[in-house]
1. Could you list F49, F60 in order of exposure, starting from the residue whose Cβ has the fewest other Cβ atoms within 10 Å?
2. Would you mind checking the radius of gyration and Dmax of the stretch 266-340 based on alpha-carbon positions, in Å?
3. With each run of n ≥ 4 DSSP H residues scored as -39500 (n - 2.57), what mean residue ellipticity at 222 nm is computed for the chain after dividing by its residue count and rounding to the nearest 500 deg cm²/dmol?
4. Note the angle between two axes, namely the Cα long axis of helix 328-347 and the longest principal axis of the Cα atoms of the chain, as a number of degrees from 0 to 90, rounded to the nearest 10.
5. In percent, what relative contact order does the stretch 154-278 have, based on Cα pairs under 8 Å that are 6 or more apart in sequence?
6. What ranking, highest mean first, results for peptides 111-124, 159-172, 322-335 when packing means the other Cβ atoms within 10 Å averaged over each residue?
7. Give the peptides 66-79, 296-309, 244-257 in descending order of average Cβ contacts within 10 Å, highest first.
8. Any number yet on Rg/Rh for the chain, C-alpha, Kirkwood?
Amino acid sequence: MLQTSKPASFLIADITGYTGYLAGVELDHAQDILADLVGSVASALGPQFTLAKLEGDAAFTYSPGETIDGSMLLDTIESCYFGFRRRRRDIRQATSCDCNACSHIPDLDLKFVVHHGPVIVQDVAGSRELVGSDVVVVHRMLKNSIVDSLGIGAYALISDRAIGAAAIDPEALDMVRHVESYEAIGEVVGWVHDLQRRWLDEEERKRVFVRPEDSVLTVSIPAAVPPQFAWDFITKPGQRMSWQPWVTGVDVQGATGGRRGVGSVNHCMHGPDSVIEEILDWRPYDYVTDRTIIETPAGPVHLLHTIEFEPTSEGTVIHYRFAPPEDEAERLLGAELAPAYGDALTGQVPVLIGQLEAAHAEMLASRGEEQGQTN
């Protein structure tokens, strides 16, 4: 039976400096190091992106759909890159070996290319193959002049078509327009996202986090889904009306370039009243912290609120924590509000777990069905 093409986003994560690294190092150590790094990269891209194939020093992945959530796309790329940098650092610091393979680990870096277009998924000799002209395009995008022309070594090159599917504004996000010309393809217009700069920003940015010992209200929710999936589900404003107590609507403001994160403000409607959430810290897929402002007849109450995604062997424990207001009068008001809100949130835990695990099972089933159709 002929397969029909379906739209998808393609993402390739490629370890740079690989060829030069192998040329001057001991292969036994080098292969172990590279296998570790490539494996960690491939794991970090899921479950939002499905691994199509490991291609030596690269992971070729895809995500079916006419569109893709722009915040999720950039969160996935940055979280993967930050994890790569930390893993690279940890490997180097954990070894006392002074061989060339170990001492030259910092020479390795990571780049991403992203494209969008129709694809056919086929089974070829027992393995999954993605077929289509846009599969060729995304692989060609790996060969570019970004390092020479822009001096950026760690980056994500996102094609114009992928930008459109993600509904983000690249200029507002400080991306740089870049054009490459390829034989038999022509010009590919894309946008360069500087990951080295984002890494420096990440390292320097102040952390805002409600610790367990500072919380006056804590609700912990175990769910059999990966942290990445839980993060995507919890932080998408549209999901909240289906499970979070009293929420009847969410209006997101201040999302730069269409991307949620630090500086975004959620206006959550609780019946006729509005609760304002100012995002102060955004660390996919670890935690998000906001300043929640609740209007009461006696005045506003300002609460520091962290949602932490703790990975476990079973999936994720989602911790909701609230710190008391600094103002004494607000602290008394907050103490009055906390029991009712805690009871309401706890009461909705089964609904949240059910929706989370059902959505995750549906995603796995659709991908299994897609894979089964190729066999």
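1. Working: F49 27, F60 21.
Final ranking by Cβ density, sparse to dense: F60, F49.
2. So, for the stretch 266-340, Rg and Dmax equal 14.0, 45 Å respectively.
3. Working: 11 runs with 137 residues, N = 375.
Value at 222 nm, helices only: -11500 deg cm²/dmol.
4. Computed tilt is about 70 degrees.
5. On the way: 139 pairs, mean separation 23.9, N = 125.
Worked out over the stretch 154-278, it gives 19 percent.
6. Details: 111-124: 21.0, 159-172: 18.6, 322-335: 16.3.
Most protected by this proxy first, the peptides run 111-124, 159-172, 322-335.
7. Numbers: 66-79: 21.6, 296-309: 17.5, 244-257: 15.4.
So the peptides 66-79, 296-309, 244-257, ranked by packing, come out 66-79, 296-309, 244-257.
8. On the way: Rg = 22.6 Å, Rh = 22.6 Å.
Here Rg/Rh amounts to 1.00.
Each reported figure results from applying straightforward, stated rules to the coordinates on display, with no laboratory input. On a predicted model such as this, the values are computed, not experimentally measured, just so you know. Counting neighbours? That spans all protein chains shown, and the Cβs are built from the backbone with ideal geometry, glycine included.
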